[in-house]
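Participant: Okay, handing you the structure first.
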Amino acid sequence: MNDREDPEKKQTNAAFTTTHWSVVLSAGEAESSAGQRALAWLCETYWYPLYVYVRRQGYGPDDAQDLTQEFFCRLLEKNYLRSIDRQKGKFRSFLLAAMEHFLAKHWRDSHRLKRGGGHLILSLDERGAEECYQMEPFAGLTAEHLYERRWALTLIEQALRRLRQEFAAADRSALLEALQPFLSADRADLTYAQVGSRLDMSEGAVKVAVHRLRARYGELVREEIGKTVASPEEVDQELRYLIEVIGRGGREI
């Protein structure tokens, strides 16, 4: 066997290094426009999962909103993102450990950001967050499990949003709407022939379209996962874990 590295694999790994974990490192450079965009992405992805975690720890809605907001402010002000070693675990695990430490310190010094103070990172839908929280499947799930489940569902929602944007840009939103029920699994109550009749497509054409849709959706999910892991191999690990944690809540992807 030739021990030399496969050029195609080398090229893939190089592309991964420059386009994935770098979003976390960029967020540590908040003074730059790229850093601000990266920070906004991280806040959008992780604010609600962390809010769910804080609420499950026993804090009320207002306190949970304040604490989650302050946590991200501290993350920015102290430049913690600059010191992250990407070889030491997943970013979602780093954030959870950081939040646990933050809450413990809050209990010790009883000092936190007052409502309306500090640096606003996001325009938060506080009412919407609590309404969503009330619909979470609490039975048998710890605060950590709820955090990880919301992390997984948020990544999926981001992938779906990008998919919708792509189809809208191609003026094919109606096609996506018709095919989306087939994304997770074959629907027993819906056939390719039925969808084809509605779209004036053959059954075979619908099958091909569904195959392509699933492939693109899978690529987008992997890209979202890949933004906060250190290697291509970890994407597969995180994808398996994502499916596992969503399964705990009884929801298919």
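The values are calculated or read from the model by the stated rules, or taken from the named source; none is laboratory data. This one's a predicted model, so the numbers in the text were calculated from it and none came from an experiment. Neighbour counts are summed over all protein chains in view; Cβ atoms, including those assigned to glycine, are modelled from backbone coordinates with ideal geometry.
Participant: Looking at the stretch 52-85, which of the residues that are within 20 Å of ALA40 (Cβ to Cβ) and of a type in the set (Lys, Arg) is modelled with the highest pLDDT?
Facilitator: ARG74
Conditions tested, residue by residue: (1) more than 21 Å from ILE243 (Cα to Cα); (2) surrounded by fewer than 17 Cβ atoms within 10 Å (Cβ to Cβ); (3) not assigned by TED's automatic domain parsing to the domain that holds ALA215.
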{"position": "TYR147", "(1), (2), (3)": "no, no, yes"}
{"position": "SER173", "(1), (2), (3)": "yes, yes, no"}
{"position": "PHE182", "(1), (2), (3)": "no, no, no"}
{"position": "ASP189", "(1), (2), (3)": "yes, yes, no"}
{"position": "GLN194", "(1), (2), (3)": "yes, yes, no"}
{"position": "SER197", "(1), (2), (3)": "yes, yes, no"}
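Participant: Quick test for you: out of ARG164, ARG172, pick the one residue that is more than 17 Å from the chain's Cα centre (by Cα) and of a type in the set (Lys, Arg).
Facilitator: Only one candidate qualifies: ARG172.
Participant: Which numbered condition trips up SER184, out of (1) touching a residue at least 40 places away in the same chain (Cβ under 8 Å); (2) hydroxyl-bearing (Ser, Thr, Tyr); (3) farther than 30 Å from PHE91 by Cβ?
Facilitator: (3)
Participant: Would you call ARG150 at pLDDT 95 or above and part of a helix (DSSP H, G or I)?
Facilitator: For ARG150, the condition - at pLDDT 95 or above and part of a helix (DSSP H, G or I) - is not met.
Participant: Out of all the residues in the stretch 166-189, is one or more of a type in the set (A, V, I, L, M) and within 21 Å of TRP47 (Cα to Cα)?
Facilitator: no
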